[in-house]
Amino acid sequence: MRQSLAVTEMGFELRGVRVDGVDRPRLVDVDLDLGARGITVLAGASGSGKSSLLRLLNRLDVVDAGTITWCGEPLADTDVLLHRREVGMVFQQPTVAPGSVLDNLRLAAMDLDEESAADLCRLVSLDPSFLTRSASELSGGERQRVCLARTVATGPAVILADEPTSSLDPEATEIIEDLALRLGSASSPMEIGWIWVSHDPGQVRRLADRVVVLSEGRVAATGTAEGLASDPSVEVRRAVGGER
Amino acid sequence: MNDLADIGLGGLAISGILIAVALALSLTRRLGLEKDLIVAAVRALAQLLLVGFALRIVVDDDDPLIFTWIWVVLMVIVASFTVRRRAPEVPGVVPLALVSFTAAAIVSLGVLFGLGVFEPTGRAIVPLAGMMVGNSMTATVVVARRIVAEARDHRDLIEARLALGLSSQDAFAPHLREALRTGLVPQIETTKTVGLIALPGAMTGLILAGVEPVEAVRVQVAVMYLVLGSVATTTAVIALGLTNGLFTSDHRLQVAARPPSP
């Protein structure tokens, strides 16, 4: 049964969203409200449509049917380049551009001065001395933090995170999760909302204010991790690490 | 015609000895290339003889220039389909190549004939257009293939740039630059070393035909500038067309340029 996710802050509203795939639809009949505050985790098995949903919200893909609005405005009517700065995205693979860390940050903000760049480094727990280092020579965890800093440099209201820690070791994962909790906190001056894709039940429980469980392209359940831990569906319970 | 350029049928037959040298190498070293060598030699002779007869009409100063321009159009069409054969993975390359070669012909032949560098006769238009199309074709294939490869191999980075709010032009700019450099650098290197390693074809032909070497050099240099200008024009036009085709108007990488989602 599809549930409605109650939100107090206006964010994304999806109605009857469908995205076709090669063999089968990637998303089917998705009705969902995704608030712009706190951390919403999209959980579910591999191939359940989590990443497809995230790409729609950054307008890297478009719907085949249905509508999406952002703060009440149809997504298709927004200025796509401005929208992508307002709703940033980090990917599973930390992809940095050739050049230094500073060069990478300036991809997002061309006139970024060195002091602001150093602040961004500190924000993601990187020493400012990293600014002059070649981005491609950093470890996976360091590169992912550069990608996050780069996205934060655009001044987003929401960051879409597509399994950003799945290729990282536990230590790097913890740093990134702490960062999300810090930036997402209501006490943070930035108060960035997160829509975070994860298939790690432990991470879902650590991060999520709200959880959306997807299954075969459909919304299987929405709620808190705690509430969904006793959901009748085994698949939903498994997604949030609930009782088997 | 100058006697130097008339080698006669006997001379042509004697030059065939050089094919025998290549055949001997293939036989003694068991390269298995004898059949290919003979086919290549005979095909070259037959094709060029046919072209030669056709050119008699096209370059004859008494015939109207319309035949000459038809010949140029045919060259452009054949070259466009050759680009598709050499770069089969590039979508919609034929119309783009047609536009590129046409643009290059208008720019380069326009300068050479419009500004009076050469007289607009069939004898000048056909060989110059041939050199323009021939050299541009190679560079066009290189650039077209490289653009498609860049979009395929660096899609993560391109989408990461798009997700930061960069326009599709900005997101792809470093890759476009790389592709254009790949197409242009060999031509620039050839231009730099011309005469040091090998004497270029047009100049060699003119000298064999009895033209004063310095006069031949002047023609050759104009030809090399023509080639450089044409290569730059064709690669720029095809790059622009292909890049536009990679992205949608709302700055998304086209589905064909991405792998299917898991």
- Query: So what J values fall out for the range B:34-41 if you push phi through Karplus, 6.51 cos²θ - 1.76 cosθ + 1.60 with θ = phi - 60°, rounded to Hz, Gly and Pro as x?
  - Reply: 4, 4, 4, 4, 5, 4, 4, 5
- Determine one quarter of the surface area of the Cα convex hull of the range B:35-83, which equals its mean projected area, and express it in nm² to one decimal. 4.1
- Item | Most to least packed among B:127-134, B:141-148, A:108-115 [average Cβ atoms within 10 Å] | B:141-148, B:127-134, A:108-115
- Please list, in chain and number order, the residues 5+ apart from A:Met89 or on another chain whose amide H is under 5 Å from its amide H, with Hs placed from the backbone. A:Leu160
- Note on the structure: Relative contact order as a percentage, chain A, C-alpha pairs under 8 Å and 6+ apart, gives 27
- Output field shielding_mean for B:164-171 (other chain Cβ, 10 Å radius) holds 6
- Task: Pick out which of A:Leu42, A:Leu105, A:Leu56 has the largest mean-square fluctuation in a Gaussian network model of chain A, springs linking Cα atoms closer than 10 Å.
- Result: A:Leu56
- B:Ser26 to B:Ala46: FRET efficiency via 1/(1 + (r/R0)^6), r the Cβ-Cβ distance, R0 30 Å, to the nearest 0.05? 0.90
- Query: Efficiency by 1/(1 + (r/R0)^6): what FRET value for A:Asp20 and B:Ala13, r their Cβ-Cβ distance, R0 = 60 Å, to the nearest 0.05?
  - Reply: 0.35
- Task: Along Cα→Cβ, 7 Å out, is where each label goes; now give me the distance between the ones at A:Ser185 and A:Glu114 in nm to one decimal.
- Result: 3.1
- C-alpha center-to-center spacing [the range B:68-144, the range A:18-71] in angstrom: 47
- Task: State the extension gain, in nm to one decimal, for the chain segment bounded by A:Leu82 and A:Asp178, taking 0.36 nm per residue of separation less the distance between their alpha-carbons.
- Result: 31.8 nm
- Counting sequence-distant residues (5 or more places) and residues on other chains, those with an amide H built under 5 Å from that of A:Arg26 are A:Val19, A:Asp20, A:Gly21
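Of all beta bridges DSSP finds with both residues in chain A, what is the antiparallel percent, to the nearest 5?
Of those bridges, close to 50 percent are antiparallel.
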- Within the set of other residues whose C-beta is less than 15 Å from the C-beta of B:Thr121, count the net charge using Lys and Arg as +1 and Asp and Glu as -1. -3
- With a ≥ b ≥ c from the Cα gyration tensor eigenvalues, square-rooted, and the rule rounded for a/c under 1.5, otherwise prolate when a/b > b/c and oblate otherwise, the protein assembly as shown is prolate
- Between the modelled labels at B:Arg85 and A:Ser230 (7 Å from Cα along Cα→Cβ) the distance in nm is 7.4
- Counting helices only, and only those DSSP H runs with n ≥ 4, report the 222 nm mean residue ellipticity of the protein assembly as shown as the sum of -39,500 (n - 2.57) divided by its residues, in deg cm²/dmol to the nearest 500. -17000 deg cm²/dmol
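If you average the sequence gap of Cα pairs under 8 Å that are 6 or more apart and divide by the length of the range A:1-132, what percent do you get for the contact order?
So the answer I get is 20 percent.
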- FRET E, pair B:Lys35, A:Arg133, Förster distance 51 Å, beta-carbon r, rounded to 0.05: 0.30
- Run a plain Debye calculation on chain B (Cα atoms as equal point scatterers, no solvent) and give log10 I(q)/I(0) at q = 0.12, 0.14 Å⁻¹, rounded to two decimals, same order as the q list. -0.89, -1.09
- Message: With a cut-off of 8 Å between alpha carbons and a minimum separation of six or more residues, what is the relative contact order of the range B:18-123 in percent?
- Response: 23
- Query: Once amide H atoms are built 1.01 Å from N in the peptide plane, which residues 5 or more positions from B:Gly165, or in another chain, come under 5 Å H to H?
  - Reply: none
- The percentage of Cα-Cα pairs in chain A separated by more than 33 Å is 17
- Between B:Asp63 and B:Leu199, what length in nm is gained on full extension when 0.36 nm per residue of separation is reduced by their alpha carbon distance? 45.7 nm
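Computed from the coordinates by the stated procedures, all read-outs in this text should not be read as laboratory data. No experiment lies behind these values; they were computed from the predicted model shown. For neighbour counting, all protein chains shown are included, and Cβ atoms are generated from backbone atoms with ideal geometry for every residue, glycine included.
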